[in-house]
């Protein structure tokens, strides 16, 4: 345990929360007659009951339930399961709901998931359910727009540290928020992931100096537990904040040197592809001002397919929904992390203007360089024995380069406008 | 230009100049249109940055231009990425003079690509910028 996490203790019930998610996922997989990977699973009745009684966020509970019901056919469910489903819906409804309210939500759930075919949870399924239950649950924009991609089709080839191609699972989760991007900086920072999600055990510092705010590079040993497997993975991390507060992100990749060193020591790293990004960014044109997004490409060295599936269905969305509520229910109040320094409005404007100037100067310099040969040729047309009419072509070529330069400048102006708007709205929480 | 110099010009020289100029004026018009579209590029959903990006590319007469990517640089670690690693697969027409193209990176051809979001430009065979692209590449 490093200095940053030494003063913090994991809540005792987090392992229970993680297991509640995973057991329910596995129970529904076992019910799914077409799923050949999981033939025996936990008792679905007990799994749903434990999920309902856990301290997990309601969106996590409801999404796992919806995904499970989508994967199973109506005749694979019995009355006992339906009774537990109602129990979970009632537990997640605010206040003291009566039976008719639960019936209403149950009908909605059956309408989304009760078809005679097996499906995978898609953003459209959640959209229909959350839209229909919006009034009953009082969902906010983060919950309504929550989306994660676990549909078994998101596979892409990524290279291992040994340059071997592997079909890796793409795990995605995202939501929109009216908070500015910097409101999520603390949770984008991997230093704090163990405080937000039950799957993360620790982020041990192997080299570099992580910070609570401001850019840093660092190598962590990420310790996560999935399906009762403890995975220790050396991750090279680059954490960045734009000075104008318009974007904060972290990029992580397997740290190659540590990966090879572990193998030489006979302590193989259990994953051979683990790369991705967590970001919060101003995105004009969306349902809210900020898009918070996390992507991860994962492949297990021993081809254990359940770990990426459970990471996709449980661990990654759990971290994201924890971010959506800014770890409000999990961040220990008695041990607040040092507050991120609040930059003044002037500093934010200066940063946005500085970025704009840099971009425009770079564009103009490139433009001058590209125009020079045309100008030289143009002058040469008039210095011969007679004028060469090709000057028309040179002039048009210069005009086209100018137009392209204006395009790049226009894009920078748009960035400046976003930056200034962000500074006016506060930039940080 | 004096009258005497004008008389010395051969018709075929003038035809070559103005024939080229006509094509250039078309290019100039397209460049201005692209420049105007650039102002709204911040809202382009393809700029989120996935491992592959679907784009609509202008294809005058239905002919897809020879596309290439350039100036790709990782946003976190600042490393450049060879634009020739970017592949383009046409997915069919998407309207009059528009073609749907899937753009990705052949990671197996690159050596030890550091995982990052790489931002750059998509250009046609004449080097005209068609749009900006963002791709999640490497590991």
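Just so you know, all these numbers are worked out from the coordinates, no wet-lab data involved. Since the model is a prediction, treat every value here as computed from it, not as a measurement. Note that each Cβ is placed from the backbone with ideal geometry, even for glycine, and that neighbours are counted across all protein chains shown.
Values computed for the structure shown
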read-out: Whether segment A:107-216 is rounded, prolate or oblate, judged on the alpha carbon gyration tensor where a/c under 1.5 counts as rounded; value: oblate
read-out: Cα gyration tensor shape of segment A:1-139, rounded if a/c is under 1.5, else prolate or oblate by comparing a/b with b/c; value: oblate
read-out: Cβ neighbours within 10 Å from other chains - mean over A:160-170; value: 2
read-out: Shape category assigned to segment A:142-340 from the gyration tensor of Cα positions, a/c cut at 1.5; value: prolate
